[in-house]
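Since every read-out is calculated from the coordinates, none of them should be taken as a lab result. The structure displayed is predicted, hence computed values, not measured ones. FYI the Cβ positions are ideal-geometry reconstructions off the backbone, even for glycines, and counts take in every protein chain you see.
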There are 2 protein chains.
Amino acid sequence: MELPDIHDIEQAHERIRKVIHRTPVMTCRGIDSICGVSIFFKCENFQKVGAFKFRGASNAVLSMKNEEIAGGVATHSSGNHAAALALAASQRGVPSYIVMPRTAPAIKKAAVEAYGGIITFCEPTLEARESTLNQVVEQTGAAFIHPYNNPLVIAGQGTASLELLQDVPGLDAVIAPVGGGGLLSGTTICAKSLKPDIHVIGAEPAMADDAMRSLREGRIIPSLNPSTIADGLLTSLGSITFAILSSHNTTILTASEENIVRAMRLIWERMKIIAEPSSAVALAIILEHSRYFRENFSRVGIIISGGNVDLQNLPFPLVK
Amino acid sequence: MELPDIHDIEQAHERIRKVIHRTPVMTCRGIDSICGVSIFFKCENFQKVGAFKFRGASNAVLSMKNEEIAGGVATHSSGNHAAALALAASQRGVPSYIVMPRTAPAIKKAAVEAYGGIITFCEPTLEARESTLNQVVEQTGAAFIHPYNNPLVIAGQGTASLELLQDVPGLDAVIAPVGGGGLLSGTTICAKSLKPDIHVIGAEPAMADDAMRSLREGRIIPSLNPSTIADGLLTSLGSITFAILSSHNTTILTASEENIVRAMRLIWERMKIIAEPSSAVALAIILEHSRYFRENFSRVGIIISGGNVDLQNLPFPLVK
């Protein structure tokens with residue numbers, strides 16, 4: 001298996017530079033003082049489609065030859081990758097076929113449609129997604145772009161930390177949320193290549209801790225009935241992301257649902273930006289493991305992975 | 001009556017430059033395409049204390065001589081000016097006494113306390129505020145810093161558009177929300193001095209349209225029982241803000257509650273930033289008077305005045 005490396009990430013950045021936003025890095029004294037470390041938030045909630053996923057999708061779509069992409073692209077996704085692929089495909093002028101669980105947030109369905117994606121709904125199980133996707137690919141001849149288990153997608157996601165490390169010198173740790181592991185894999189390759197002594201930490205909901213258990217046990221453990229507000233982190237690692245994270249021995253830390261909502265509230269109230277629950281998990285692990293962070297790190301980068309939230313259905317009344 | 005002019009605003013900027021954030025100007029293609037004009041959002045929700053009010057409060061506090069400010073400062077405010085004055089006072093090392101209606105949002109009370117302000121609660125009427133404030137001033141010897149009817153405060157608020165006009169060339173209109181008129185007065189003086197052909201427009205909730213009626217009738221009409229989600233815009237014009245807005249013949253346009261919530265939702269969903277309802281009124285008037293804007297303007301500046309929202313009590317379930 002050919003794993004992506006830092007050159008793939010640099011090439012990806014060159015390729016997608018003109019179609020993505022170079023998102024800002026924000027800081028917040030109030031949150032720093034609560035956490036006891038200086039935090040640099042790479043704001044991918046301001047990325048096109050509202051999430052880092054546009055980096056990977058664009059890199060995949062722009063890397064393909066005309067004959068490879070003639071039938072369009074297809075994927076299954078709980079939301080952000082779907083919108084990202086739909087926009088990337090529409091910018092390249094090819095159709096996109098999106099298999100999406102019926103339970104996906106309304107805002108994510110609407111986004112996919114707005115970007116011209118053709119949705120096929122399925123039951124919210126991995127099996128249903130895959131069988132529905134196979135049918136769609138068979139019928140359309142579209143190229144399947146996996147949401148994370150794809151070297152080009154991983155390389156694209158790595159460009160977020162490439163920019164973060166260019167913009168913020170002296171980081172001693174970088175945190176990215178982990179669902180399927182595309183962002184965390186790209187972050188790991190990028191950060192460890194450019195700054196070998198940096199700590200890369202995956203942030204996972206305790207209620208969906210399959211990545212932590214997979215890396216601990218040395219095999220992919222599927223995410224069974226995960227129950228977390230972080231709806232972007234329900235998926236399990238893939239063969240490629242598992243190989244990358246295993247070979248780098250990437251640390252995973254988990255956070256409780258309560259700390260995820262607390263972190264989300266802190267970001268909303270103190271920074272005045274909208275981060276989705278999956279993004280808040282990265283700050284939540286600092287709240288949950290505060291002593292570890294205070295004692296070991298002084299400058300921590302966090303990738304705010306997205307800002308797509310269903311405003312009809314917010315968690316704040318639940319946790320003060 | 002000595003009204004502030006552009007030199008006062010430039011001096012204010014020089015004075016407060018080092019203590020305020022130079023807030024970013026953001027754009028959003030999605031909102032531009034809905035509105036049919038290019039909008040440049042001056043993001044004072046990212047200002048210290050989460051609102052432009054820190055500009056005026058800082059300018060007032062930093063302008064005073066030691067003997068004038070020895071007893072501290074005092075004010076009445078529904079929220080943002082209170083937090084702003086508390087922080088400005090604490091940075092100068094003097095106490096601040098804040099008279100606040102019992103009904104102010106929890107987040108605003110907490111902010112004032114966090115900045116060291118000493119709160120005295122009163123009934124939510126102008127009369128109660130003023131009589132309580134008089135008692136506080138009598139007891140403490142504090143200097144009263146009016147939330148808007150104060151030339152130094154108005155000059156400070158004007159620095160937001162000073163930065164906006166420096167950063168964005170070729171604006172043909174600037175919109176600021178109007179409650180007591182401090183921001184709109186500062187915006188009017190600044191914008192009309194630097195760019196005499198620019199249109200300055202005040203944005204007011206239709207359910208609290210006292211500023212529009214006051215300017216139309218040529219006298220201050222108090223805001224009686226205003227009923228709007230835009231809780232920062234409940235106050236009436238003061239003698240100074242009325243004089244400034246009258247002399248410039250500043251236009252006021254109003255928006256319905258439904259368009260205010262629609263605008264707030266657009267800003268949250270599309271821009272991924274948190275704007276309070278009072279700020280959303282500025283975008284809401286473009287939604288409400290869309291043809292007027294499309295036909296008359298191409299580049300419009302909007303001051304997003306603040307981002308302090310009570311997350312326990314959001315309007316989104318009310319309006320789709």
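Just a few scattered comments:
- For B:VAL309, A:VAL261, A:VAL94, order by how many other beta-carbon atoms lie within 10 Å, fewest first: A:VAL94, A:VAL261, B:VAL309
- Evaluated with a Cβ-only charge set (Lys, Arg +1; Asp, Glu -1), segment A:111-264 carries a dipole of roughly 380 debye about its Cα centre, given to the nearest 20.
- Rg and Dmax of the protein assembly as shown, both derived from C-alpha coordinates alone, stand at 25.8, 82 Å.
- Average partner coverage of B:269-280, which counts Cβ from other chains inside 10 Å: 4
- Listed residues A:ARG15, A:ARG262, A:ARG291, most fluctuating in chain A (Gaussian network, C-alpha, under 10 Å): A:ARG291
- Here segment A:54-144 is treated with +1 on each Lys and Arg Cβ and -1 on each Asp and Glu Cβ, and its dipole about the Cα centre works out to around 320 debye.
- Computed on the Cα atoms alone, the convex hull of chain B gives a volume of 119 cubic angstrom per residue.
- Here is the result for segment A:1-86: no chymotrypsin sites (Phe, Trp or Tyr not before Pro) lie in DSSP coil with at most 16 other C-beta atoms within 10 angstrom of their C-beta.
- Going from the residue with the fewest nearby Cβ atoms within 10 Å to the one with the most, A:LEU311, B:LEU133, B:LEU183 rank A:LEU311, B:LEU133, B:LEU183.
- Just checking the listed ones, A:PRO169, A:PRO177, A:PRO222: in the Gaussian network model of chain A with Cα springs under 10 Å, the one fluctuating most is A:PRO169.
- Extension gain (nm, one decimal) between A:ASP32 and A:ILE119, 0.36 nm per residue minus Cα-Cα: 27.2 nm
- Gyration tensor verdict on segment B:54-144 (Cα atoms; rounded if a/c is under 1.5, prolate if a/b is larger than b/c, oblate otherwise): oblate
- The protein assembly as shown, dipole about Cα centre (Lys/Arg Cβ +1, Asp/Glu Cβ -1), debye to the nearest 20: 420 debye
- With a cut-off of 12 Å between beta carbons, the residues surrounding B:SER63 carry a summed charge of 0, where Lys and Arg count +1 and Asp and Glu -1.
- Gap separating the Cα centres of segment B:282-303 and segment A:225-257, nearest whole Å: 45 Å
- Neighbours of B:GLY179, meaning other residues whose beta-carbon lies under 10 angstrom from its beta-carbon, give a summed charge of -3 when Lys and Arg score +1 and Asp and Glu score -1.
- Footprinting exposure proxy for B:ILE9, B:ILE304, A:ILE273 (fewest neighbouring C-beta atoms within 10 Å first): A:ILE273, B:ILE9, B:ILE304
- Counting lysine pairs in chain B whose alpha carbons fall under 18 angstrom apart, excluding pairs fewer than 8 residues apart on the same chain, gives 11.
- The simple spin-label model puts a point 7 Å past each Cα toward its Cβ; for A:SER131 and B:TYR292 those points are separated by 5.9 nm.
- Taking a ≥ b ≥ c as the square roots of the eigenvalues of the alpha-carbon gyration tensor, segment A:174-320 is classed oblate because a/c is 1.5 or more while a/b is no larger than b/c.
- Antiparallel DSSP beta bridges within chain A, percent to nearest 5: 10 percent
- Amide hydrogen neighbours beyond the local backbone of B:TYR97, cut-off 5 Å, H modeled: B:VAL73, B:ALA74, B:THR75, B:ILE118
- Considering only A:GLY141, A:VAL153, A:GLY218, the residue lying farthest towards the positive end of the dipole of segment A:127-232 is A:GLY218, judged by Cα position with unit charges set on Cβ.
- Most mobile of A:ALA70, A:ALA51, A:ALA111 in a GNM of chain A (Cα contacts under 10 Å): A:ALA70
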